[in-house]
Amino acid sequence: MRKYFWKIALLAATTGCTSYEFEQNISDINTNTDVVFSGQVTVVKDTDQQNDLSDKATSILENVVGEAEAVQLMLAKSPAFQKLLFTNLKEGSLAAQTGRIPNPTFAFERMVKGSETEYGRFLTFGLLDLLSLPSKQTTSKIAVEIANVNLASEILGSIMDVRLAWLDSVAAEEKFAIAEKTFVALSGSAELAKRMKQTGNMTTTDRIKEQLVYSESVISLAEAEQLRVSTRERLISLIGLNSSEAAMLSLPGSLPPLAEKPIEMSELVQVFEDRFDVKLARLDYELALAAMGIENVSTYTDLEIGIRNDRINDGGSISNKRGYELEVEVPVFDWGGAQRNALQAEVLAKQQNFKQVTLAAASGLRDAYNSYRTSFDIAQHYQEQIIPMHEVLLDEANYNYNGMIIGVFELLEAGREKSLADKKSIDANHNLLKAELNLRSSALGRSVGAETGAIATNAVKKPKGH
């Protein structure tokens with residue numbers, strides 16, 4: 001029996017075993033700056049690593065947290081991100097396990113009959129498993145590659161989520177500052193209108209209109225504060241900060257400035273086979289195709305072989321019995337035709353899915369690029385045309401007020417219109433930056449689905465002249 005066992009072991013060893021090189025995969029992903037925007041992905045397996053990363057996070061939080069720093073904080077602090085890594089390690093390890101044959105089963109028995117004692121040793125293993133090992137290892141390698149691509153895609157998704165949350169939070173901070181300034185200015189305007197009404201220099205209608213404008217600013221300030229808090233808390237949650245660390249978080253007062261020129265399509269990934277979504281669809285098809293051969297055979301039958309070696313002691317007379325048995329599943333009632341049809345249909349469906357994903361990838365990239373260019377043109381128009389014109393109008397209003405050509409309320413109205421234009425410009429820049437992230441992630445095959453928001457258009461007009 002021993003020689004049979006070693007033959008089996010030798011055969012299994014010479015075919016090699018698939019393994020999931022998780023640490024190497026992490027290292028490769030860290031070198032890809034398209035995926036890891038800032039910092040390094042680290043798998044935290046012990047307390048010392050966690051303490052080192054916590055110290056790094058504290059150091060980052062001592063300064064204003066930019067977009068790159070927000071990503072570094074997430075990589076260092078987020079339990080959800082670490083869960084993602086370990087979940088992938090589990091999936092990759094299980095994928096590698098599918099390329100190994102089940103262990104043989106060893107049975108030992110001792111039977112006594114009068115003066116006769118019989119020792120039975122029985123070794124059983126799946127013959128079909130052994131014969132199909134090369135094919136299983138092929139499918140296992142494909143499954144491991146799928147786990148590799150999934151990990152890179154999930155890491156990109158997590159990083160993009162933090163970048164989007166950072167943009168949302170900074171935009172909310174910027175708009176809150178404008179709402180606060182507008183509220184202060186309009187509270188003074190409302191108080192002035194109240195006093196003018198008391199002295200008989202303003203009608204009741206104009207007084208109420210001024211109060212309504214002020215009331216609208218109160219609501220706008222409350223909404224801006226709520227947006228500021230909710231976006232900040234989302235960012236804190238994604239990063240994984242505790243209460244004391246969240247209190248330390250300081251964000252910039254404004255979004256990054258508009259780029260001098262837009263991204264060209266040629267700068268993006270043009271080899272569609274390198275996209276995550278296309279890779280996964282292709283590998284999924286290849287996996288189904290490779291597995292079809294193994295599963296086709298298993299729909300017909302199953303084979304198990306057992307090797308037996310018995311030793312009999314009959315009153316001091318020793319004898320041995322050796323032999324084997326073959327167990328075959330006989331396809332009498334079910335020849336597996338329905339299963340084979342299902343397998344073939346699955347392969348064909350995944351083939352068509354691969355084709356569809358490839359087509360959709362090209363269309364999705366064109367759509368994302370068009371959205372980006374539209375957002376760029378709008379943001380540029382606000383920066384180069386609309387905001388400068390409002391600045392001129394506000395300067396003119398100040399000049400006319402100093403020359404007593406217009407009153408204080410006309411001057412305040414010009415300031416309100418400038419503030420509204422500033423909010424719209426922030427929205428336009430915010431939309432552009434989100435569209436850029438969506439474009440870059442779409443080019444890699446992991447669309448973050450960042451939707452551009454509508455630019456506010458509502459403005460409260462006050463009557464001219466008093």
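Some notes on this structure:
- Among Asp422, Asp377, the order of accessible area from largest down is Asp377, Asp422, computed with a 1.4 Å probe on protein heavy atoms.
- Summing +1 for each Lys or Arg and -1 for each Asp or Glu among the other residues whose beta-carbon sits under 15 angstrom from that of Gln49 gives -2.
- Where only C-alpha atoms are counted, convex hull volume of the range 384-444 per residue in Å³: 53 Å³
- Rounded accessible area of Asp395 (nearest 10 Å², 1.4 Å probe): 100 Å²
- Each of Ser363, Ser189, Ser425 has its accessible area taken with a 1.4 Å probe; listed largest first, they run Ser363, Ser425, Ser189.
- Net charge of Cβ neighbours under 9 Å - reference Gly99; Lys, Arg +1; Asp, Glu -1: +3
- Antiparallel DSSP beta bridges within the range 52-141, percent to nearest 5: 100 percent
- For the range 179-276, the share of accessible area belonging to carbon and sulfur comes to 54 percent (1.4 Å probe, ligands and nucleic acids excluded).
- With protein chains left intact and a 1.4 Å probe, residues in the range 232-271 average 58 Å² of accessible area per residue.
The values are calculated or read from the model by the stated rules, or taken from the named source; none is laboratory data. All of these numbers come straight from a predicted model, not from anything done at the bench. Counting neighbours? That spans all protein chains shown, and the Cβs are built from the backbone with ideal geometry, glycine included. Only protein heavy atoms, including side chains, enter the accessible area calculation; ligands, DNA and RNA are left aside. Shrake-Rupley method; radii C 1.70, N 1.55, O 1.52, S 1.80 Å.
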